[in-house]
Amino acid sequence: AAAPAPAPAATDLGEGGLSLAFPADSAHIPDSAHADLSALAARLSKDPNLMISLQAYAAGTEDTEGHARRLSLSRALAVRSVLIDLGVHSTRIEVRALGNKVPSGSPDRVDVAVQRR
């Protein structure tokens, strides 16, 4: 069987949200995702009523649940840090580290949802 194609760095989730793919066992944001995060920060700077919810996931089993939660938290904090560096105030970013509690799709990702306050 052929290896699956690598996931794109960011997938549009609609409503201005996106899903950022991460390499397995890494909290390093792919360089290709920075343009999407910059566009998101610009959108937030134009509308003070918007906020962001980060839902971070990581692959893991019951035995590695703690590691998956820590890795997902590291990923969420990495995304949060980039957004703060781009001018988004920390109070507008909610972080949820969900570890291996993945509802569907790739476990190695951070979903970024844009919401109205």
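Hey, what angle do you get for helix 34-46 against the long axis of the chain, alpha-carbon based, 0 to 90 degrees rounded to 10?
Helix 34-46 sits roughly 30 degrees off the main axis of the chain.
Of all DSSP beta bridges located in the chain, what percent are antiparallel, nearest 5?
Here the antiparallel bridges make up roughly 75 percent for the chain.
Quick check of the Kirkwood formula: for the chain, what is the inverse mean of 1/r over all pairs of different Cα atoms, in Å?
14.3 Å
Between SER81 and ASP63, what is the label-point separation in nm under the 7 Å Cα-to-beta-carbon projection?
Label at ASP63, label at SER81, 3.1 nm between them.
Between 0 and 90 degrees, rounded to the nearest ten: what's the tilt of helix 65-85 against the longest Cα principal axis of the chain?
30 degrees
Report, as a whole number in µm² per second, the diffusion coefficient that Stokes-Einstein gives for the stretch 39-96 at 20 °C and 1.002 mPa s using the Kirkwood radius over alpha carbon pairs.
Rounded to a whole number, D works out at 175 µm²/s.
Quick one: if you stick a label point 7 Å off each Cα along the C-beta vector at HIS28 and SER53, how many nm between them?
Modelled inter-label distance: 3.1 nm.
Every number here is computed from the coordinates shown, using simple stated rules; none is lab data. Note that this is a predicted model, so its numbers are computed, not measured. Neighbour counts are summed over all protein chains in view; Cβ atoms, including those assigned to glycine, are modelled from backbone coordinates with ideal geometry.
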